[in-house]
Amino acid sequence: MKRHTRVSTAAAALLGVSLLATACSTGGDDAAASEASDPAGASEAVGRVAVAFPNGIAVLDPETLEVVGEVATEEFTRLNAFGDGRSIAVTTSEGFQILDTAEPALTDRVFDATAAGHVVAHHGKTVLFDDGTGTTTVLDTDAFADGADAEPETVTYTAPAAHHGVSIVLEDGTLLTTVGDETGRTGAVALHAHDDHWHEEAASDECPGIHGEGTAADEAVIFGCEDGALLYRDGAFVKLQAPDAYGRMGNAFVSETSPVVVGDYKSDPDAEGYLLNAVTLIDTAAQTLEVIDLPDEVQYTFRDIARGPGDLAYILSTDGRIHVLDPETGELVDAYPVVEPWEGPAEWQDPHPAIKVDGDIAYVTEPAADAVHAIDLTSGEIVASVELEHTPNELAVALG
């Protein structure tokens with residue numbers, strides 16, 4: 001079943017901003033030694049796959065899935081591509097620590113954060129958000145392309161109040177960042193740096209529970225809200241209303257060559273567990289939001305959607321298959337069996353299948369089998385598999 005809603009125009013509201021500061025953070029833990037050598041050589045080690053397990057991270061060759069090295073970490077870490085084809089930002093209790101997948105080694109380069117959160121790479125800039133302080137740190141995406149020895153230049157912005165947020169820098173230098181405090185998250189603001197201050201270009205307070213972001217074609221940016229989504233394009237915010245009083249979109253899955261954003265969707269705030277059974281389709285050009293109810297057997301979590309070949313969306317479902325969704329039509333057009341059927345996690349941090357895409361290849365974890373698979377999304381063929389010595393949890397690809 002499909003449900004439709006048109007958008008309403010967002011009202012602008014002025015928000016205070018803090019002064020511009022320039023800083024950089026180094027320090028951190030000692031790098032853990034790699035347990036295997038790099039057979040390909042650092043110069044050829046691009047697009048490697050990182051898989052977190054309790055107290056460690058395995059680095060895999062993207063073609064064979066051979067384990068080329070392991071490093072020791074904390075019990076639970078999150079992984080995000082830094083955007084240079086080589087580095088992974090590892091979220092630890094100390095902050096954002098850089099994993100060099102070419103070595104492979106967990107480096108001494110740490111960006112201090114009291115509660116390290118989202119990492120966003122876009123148009124040559126990578127942005128780190130510290131939930132504990134509301135601090136955004138911006139640096140060049142290629143800062144560690146040749147290794148993490150050099151100390152990079154950074155620019156920071158500190159929000160008026162700490163919150164679980166996210167920021168992104170656009171091609172023209174606009175900083176988009178969320179707004180919130182200890183009582184909740186309300187919206188976003190667009191800022192430009194001017195000498196000793198940030199100038200506010202636009203703002204919206206029409207996005208309760210704002211979470212996550214994604215950039216579609218023509219640099220249209222979507223944030224998720226508890227009642228729909230918030231669109232930023234051409235210097236202005238536009239609210240896209242959900243068809244339900246509570247209609248939460250918290251994660252946006254995008255292609256920068258498609259105007260259509262695929263988002264997760266939850267309409268029952270009291271629902272138990274983390275499995276979802278509907279998606280949002282947001283046309284950033286037409287400024288519309290549509291909810292697509294999926295077949296009963298197609299259920300997924302926030303880890304289980306990715307965009308891939310043909311700008312299609314690929315949903316890793318609890319039935320063990322990757323279901324192919326055409327965002328233009330909202331129809332499921334294919335399905336590929338990959339893993340055994342699985343159940344949703346009791347807690348979001350618990351290991352459960354995840355999918356990440358690089359080009360035509362999808363990487364899928366199968367925690368129940370301690371396995372990782374590589375799937376050619378143009379054919380559905382499993383082209384490589386590996387059984388690890390640990391149970392995989394978080395997954396990231398060193399995308400460039």
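Here, each number is a calculation from the coordinates, and none is a lab measurement. The model shown is predicted, which means the values in this text are computed figures rather than measured ones. In this analysis, Cβ positions are derived from the backbone assuming ideal geometry, glycine residues included, and neighbour counts consider all displayed protein chains.
Counting other beta carbons within 10 Å of each Cβ, put Ser385, Ser267, Ser379 in order, fewest first.
Working: Ser385 15, Ser267 18, Ser379 10.
Ascending number of Cβ neighbours within 10 Å: Ser379, Ser385, Ser267.
From zero outward in steps of 5 Å, how is the percent of C-alpha pairs of the range 64-181 spread across the bins?
Histogramming the range 64-181 at 5 Å steps yields 2, 12, 22, 24, 19, 12, 5, 3, 1, 0 percent.
Hey, fewest Cβ within 10 Å first, where do Glu389, Glu103 land in order? Mind showing how you got there, number by number?
Numbers: Glu389 10, Glu103 22.
Going from least to most buried by this count: Glu389, Glu103.
Please state the shape class of the chain: rounded when a/c is under 1.5, otherwise prolate if a/b exceeds b/c and oblate if not, all from the C-alpha gyration tensor.
Numbers: a/c = 1.74, a/b = 1.08, b/c = 1.61.
Oblate, since a/c reaches 1.5 and b/c is not below a/b.
Taking neighbour counts of Cβ atoms within 10 Å as a proxy for exposure, in what order, fewest first, do Leu275, Leu230 appear?
Details: Leu275 17, Leu230 25.
With the fewest neighbours first, Leu275, Leu230 line up as Leu275, Leu230.
Put +1 on the Cβ of each Lys and Arg and -1 on the Cβ of each Asp and Glu in the chain; which of His390, Tyr274, Thr183 then has its Cα farthest toward the positive end of the dipole?
Thr183
If you average the sequence gap of Cα pairs under 8 Å that are 6 or more apart and divide by the length of the range 172-324, what percent do you get for the contact order? Before the final figure, lay out the partial values.
Values: 380 pairs, mean separation 20.4, N = 153.
It rounds to 13 percent for the range 172-324.
Over the chain, what relative contact order in percent results from Cα pairs under 8 Å that are six or more residues apart? Working shown, then result.
Numbers: 1192 pairs, mean separation 59.6, N = 400.
Once divided by the residue count of the chain, the mean separation gives 15 percent.
For a quick check of your reading of the filter: which GluC sites (Glu not before Pro) in the range 147-214 sit in a DSSP loop and have no more than 13 other Cβ atoms within 10 Å? Numbers along the way, then the final one.
Working: sites: Glu153, Glu171, Glu182, Glu200, Glu201, Glu206, Glu213; in loops: Glu153, Glu171, Glu182, Glu206.
Qualifying residues, ordered by number: Glu153, Glu171, Glu182.
What does the convex hull of the alpha-carbon atoms of the range 132-235 project to on average, in nm²? It would help to have the intermediate numbers written out before the result.
Working: hull surface 30.7 nm².
In nm², the orientation-averaged hull projection of the range 132-235 is 7.7.
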